[in-house]
Each structure stands twice: as structure tokens, then as C-alpha cells.
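Accompanying notes for the structure given below.
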Amino acid sequence: MTESVGSYIARKITDIHPCPVYSAGMTPFRAPVLVASAALLLTALTLTACNGGVNDIREGVKDGAEIGKRQGQIEVLGAAEIQLRAGVVLNGELSCEVTSTGGQSTPVTCTGTTDEGRAVSLKGTITSAAPIAESDWLRGDFVATVGGEEVFRTPCIGTC
């Protein structure tokens, strides 16, 4: 006769913990199942208590994605805005540092050079950004300089 999976597990648990932990009416094979059920319940409660950590991770990922989106937008839109308004050609891309403050405002500092070797700077704070599907505007407070001279100050970059 072949042993069922349940009986096999119960027998193995009994081998590990042979104490008769059962009450009247329970067979020796039901006691290990009770112990196993209690262990599963304890595991479930532990995982539920750790659920706050999962929410923290989700918030961290969401914040990181928003910062990444804003960094990509400011690098592309900022470069286009500087070239258009200042009448210069950038030598490569803007390099931007975007700092998370945990709120809506995101400080940014971008640097680059023109094809003539003049320093380019774009500094400010992003207060809102277009959805990723559009990615065509950033609102906030921005100041751009080329060769140390201010070329524009604006509350919006892109198609505002």
C-alpha cells in the first residue's frame, strides 16, 4: 500500500518531534499537522508584520522612478531650452544631478559646455513634471547661464 503525501509529511514531522502533542480524539498523525499548521500561522503573521517593509520598498521605488523621470526630462528639455534661448550649440549632453527631498520640490543642477568651450549651467527646482507619456514640460524655477552670464530665468521648461 502506498503512503499518501500527507501521511508521509506527518510521519516525518513525528520523526523530528515524537512528543505526543495531541488531545483526546486526535490521532498521533493529526498532532504533527497541528504543529505544522501553527508553524504556518506563525510564518504568515511574521510576513504580515514585515508588510510595512514592503510598503517602504514600494514608496522608495516610486520615489526613485519619479527622480529618474525628472532627471531625464531636465537633461533633454534643459539642453533644448538653452540651445534655443541662448543661441548656442552644446558639446554633448547636459549632465544633471537631481536630488530627492522626499517632497514635490526637486532641486536640480546641470552642467555642460558649448561647442566653443564655454561653461553652461542650469540650476533650479522642479515642482511638477509632465507625465512620462508626454515628458514635454517641467515647472518650477530655473536659471541658465552660459559663460557665467545669465541667459534666461523661467518658471517652465518645454512646451508649457
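Tabulated results
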quantity: Shape category assigned to the range 101-160 from the gyration tensor of Cα positions, a/c cut at 1.5; calculated: prolate
quantity: Global geometry of the range 53-158, whether rounded, prolate or oblate, following the gyration tensor of its Cα atoms and the 1.5 cut on a/c; calculated: prolate
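Each reported figure results from applying straightforward, stated rules to the coordinates on display, with no laboratory input. On a predicted model such as this, the values are computed, not experimentally measured, just so you know.
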